[in-house]
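What follows is calculated from the coordinates using simple rules that are stated; it is not laboratory data. Keep in mind it's a predicted model, so treat the numbers as computed, not measured. Neighbour counts run over all protein chains shown; Cβ positions are idealised from the backbone, glycine included.
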Amino acid sequence: MNIDTIPVVAIVVICYIVGLIVKSIDKIDDKWIPCIVGIVGAVIGVAAWATISGFPADNWLTAIEIGIASGLASTGVNQIYKQMSN
C-alpha cells in the first residue's frame, strides 16, 4: 500500500465509525448519514491536509474533495458489507 493512501483509508474508517454512531441515535433519520459522514470527511480531510505532510492534496479544496469522497466511501463500504451478509 502506498504511504499516501494511508490517511485516506484512515478517513474512511473514521467516517464509518461516525456513521455507526449516528445510526445508533434514534432521533436522526438514516437518510442523513451520507450527508453527515461526507461533512465529517471534509473536515477531517482539511485537518489532515494541514497537519500530515504526505496527504495527497495540493490545496484545501482538493482536501475537501478527498474527505467528502472518503466519507461517502464509508457509506458504500457499509452497504457492501450489508449486501454480502444477506
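Taking one quarter of the surface of the convex hull spanned by the alpha-carbon atoms of the chain gives a direction-averaged projected area of 6.1 nm². Extension gain for Ile28 to Gln83 (0.36 nm times residue separation, less C-alpha to C-alpha distance): 17.5 nm. Between helix 33-51 and the chain, what is the angle of the helix's C-alpha long axis to the longest principal axis, kept within 0 to 90° and rounded to the nearest 10? Value to nearest ten degrees: 20.
Packing order of peptides 80-86, 55-61, 22-28, 39-45, highest average first: 39-45, 55-61, 22-28, 80-86 (average count of other Cβ atoms within 10 Å over each peptide's residues).
Each helix, a run of at least 4 DSSP H residues, gives -39500 (n - 2.57); summed and divided by the residues of the chain, these come to -26000 deg cm²/dmol at 222 nm.
Extension gain for Leu20 to Leu61 (0.36 nm times residue separation, less C-alpha to C-alpha distance): 12.1 nm. Based on C-alpha pairs under 8 angstrom that are at least 6 apart in sequence, the chain has a relative contact order of 37 percent.
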